[in-house]
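The structure appears right after this line, and notes come after that.
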């Protein structure tokens, strides 16, 4: 399988950072480009009644861009062929559409642990992407040991 472009969605959690670390390993192995993506979900209907929804979305976008810029800077230090984008929409739909648009060969996403009842009921992003993504999806189960030398941290 030829892997030229890898898409990595991030919500800035430690799980998504672990997925990014795995994507960097794969990218080094295949000389691939990494596209790091943060999707800002649209506000639920009715939120505008209690606050200025435009202002709230602008705040979320600015915050997302700032966090993504920090993570991208650290990722580029580890692997220079890394770019990033911020998008709005329903997360799994936006990621699937981006994968089609950008001719992505692989999506690397954090898998959720299934410890609690709520986690078992809720369909994870990885599961939704497995159903509708136009390319293979690698769900990374984040675990214990982290190599401090080559670690992407949120700060």
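The values are calculated or read from the model by the stated rules, or taken from the named source; none is laboratory data. The shown structure was predicted, so the numbers you read here are calculated from the model rather than taken from an experiment. In this analysis, Cβ positions are derived from the backbone assuming ideal geometry, glycine residues included, and neighbour counts consider all displayed protein chains.
Give all pairs with beta carbons closer than 8 Å in which a residue from region 75-89 that is touching a residue at least 12 places away in the same chain (Cβ under 8 Å) and at positive phi meets a residue that is surrounded by 15 or more Cβ atoms within 10 Å (Cβ to Cβ) and not in a strand (DSSP E or B); count only pairs at least 6 apart in sequence or on separate chains.
Here the result reads 89/97, each pair linking region 75-89 to a residue that is surrounded by 15 or more Cβ atoms within 10 Å (Cβ to Cβ) and not in a strand (DSSP E or B).
Residue 40 - would you say it is in contact with a strand residue (DSSP E or B) (Cβ under 8 Å, 6 or more places away or on another chain) and under 16 Å from residue 79 (Cα atoms)?
Answer is no for this residue.
Looking only at region 126-155, count how many residues are more than 19 Å from residue 39 (Cα to Cα) and modelled with pLDDT of 75 or more.
Within region 126-155, residues that are more than 19 Å from residue 39 (Cα to Cα) and modelled with pLDDT of 75 or more number 2.
Checking residue 120 against (1) loosely packed, with under 14 Cβ neighbours inside 10 Å; (2) modelled with pLDDT of 95 or more; (3) over 18 Å from residue 137 (Cβ atoms): exactly one of these is not met. Which one?
Result: residue 120 fails condition (2) only.
Take residue 96 and decide whether it is out of contact with any strand residue (DSSP E or B) (no Cβ under 8 Å at 6 or more places or on another chain), at pLDDT below 95 and closer than 27 Å to residue 31 by Cβ.
Taking the combined requirement at face value, the residue satisfies it.
Here is a yes/no grid of residues against (1) over 20 Å from residue 129 (Cβ atoms); (2) part of a loop (DSSP other than H, G, I, E, B); (3) modelled with pLDDT under 95; (4) touching a strand residue (DSSP E or B) at 6+ places or on another chain (Cβ under 6 Å):
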| position | (1), (2), (3), (4) |
| --- | --- |
| 51 | yes, yes, yes, no |
| 60 | yes, no, yes, yes |
| 63 | yes, no, yes, no |
| 72 | yes, no, no, yes |
| 76 | yes, no, no, yes |
| 87 | no, no, yes, yes |
| 104 | no, yes, no, yes |
| 109 | no, no, yes, yes |
| 114 | no, yes, yes, no |
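Can you pull out every residue in region 4-49 that is assigned to a loop (DSSP other than H, G, I, E, B) and modelled with pLDDT under 95?
Within region 4-49, 10, 11, 12, 13, 41, 42, 43, 44, 45, 46 qualify.
Every residue in region 69-93 that is surrounded by fewer than 20 Cβ atoms within 10 Å (Cβ to Cβ), under 14 Å from the mean Cα position of the chain (by Cα) and under 16 Å from residue 25 (Cα atoms), please.
Scanning region 69-93 gives a single hit, 83.
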